[in-house]
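*Asks:* Structure provided below as structure tokens; questions to follow.
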Amino acid sequence: MRKTKKAARKSAGTRAPARPKSVQAMAMPTPAPGITRLPGSGVTRSRVVIHGGLVYAVATAPEKSDALYDQTRQALAFLNASLALANTDKTKLLQVTVYIADIANKDDMDRAWQEWADPANAPQRACVGVALEGQDLVEIVAIAAA
């Protein structure tokens, strides 16, 4: 006669591991050594990650207007604040990727960028037209030196 898993555990004197009742009941994983994560807009997102002398940041406009220029200015201000949280600034930017909802409006993003960027410390930058979520017209992903 075959034993069920429960019967086999009982005869071996072991118990099945307890199952958590909810996600909140689960223990948080131990942070990876040498990596600092600053909380983002959700539990599975980081606003800033710092590792190996580099700062990784992402920014969108906090207030969603209908103008790409306005959203880009807001996102760049948010990026400034994120970099400051990591004790760095835009003069240490190495690479920036700007995602915009309509590549036909790239000039509006460029105008905001030109007003904000430090010409003496220009990072490598790319701009890509993509479908963005909700009312976001721009999302900026940056890597800076710490």
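The values are calculated or read from the model by the stated rules, or taken from the named source; none is laboratory data. Everything quoted here is computed from the prediction, not taken from an experiment. Glycine gets a Cβ as well: all are built from the backbone with ideal geometry, and neighbour counts include every protein chain shown.
*Asks:* State whether the residues of the range 50-65 include one that is within 27 Å of P33 (Cβ to Cβ) and touching a Pro at 6+ places or on another chain (Cβ under 6 Å).
*Replies:* Within the range 50-65 (the criterion being within 27 Å of P33 (Cβ to Cβ) and touching a Pro at 6+ places or on another chain (Cβ under 6 Å)), the answer is no, since none of the residues qualifies.
*Asks:* Could you check D108 against (1) closer than 19 Å to R45 by Cβ; (2) touching a Phe, Trp or Tyr at 6+ places or on another chain (Cβ under 8 Å); (3) among the acidic types (D, E) and say which number it fails?
*Replies:* All conditions pass for D108, except number (1).
*Asks:* Take the residues in the range 71-127 that are surrounded by fewer than 17 Cβ atoms within 10 Å (Cβ to Cβ) and β-branched (V, I, T); name whichever of them is nearest to A61 (Cα to Cα).
*Replies:* T97
*Asks:* For a quick check of your reading of the model, give me the residue pairs whose first member lies in the range 120-135 and is more than 26 Å from D89 (Cβ to Cβ) and among the hydroxyl-bearing types (S, T, Y), whose second is in a strand (DSSP E or B) and at pLDDT 95 or above, with beta-carbon atoms closer than 9 Å and at least 6 apart or on different chains.
*Replies:* none
*Asks:* C127 versus (1) assigned to a helix (DSSP H, G or I); (2) over 22 Å from I35 (Cα atoms): which is the lone unmet condition?
*Replies:* Answer for C127: the failing condition is (1).
*Asks:* Do you know which residues across the range 130-142 are part of a strand (DSSP E or B), within 14 Å of Q71 (Cα to Cα) and either modelled with pLDDT under 95 or small (G, A, S) (or both)?
*Replies:* Passing the criteria: none in range.
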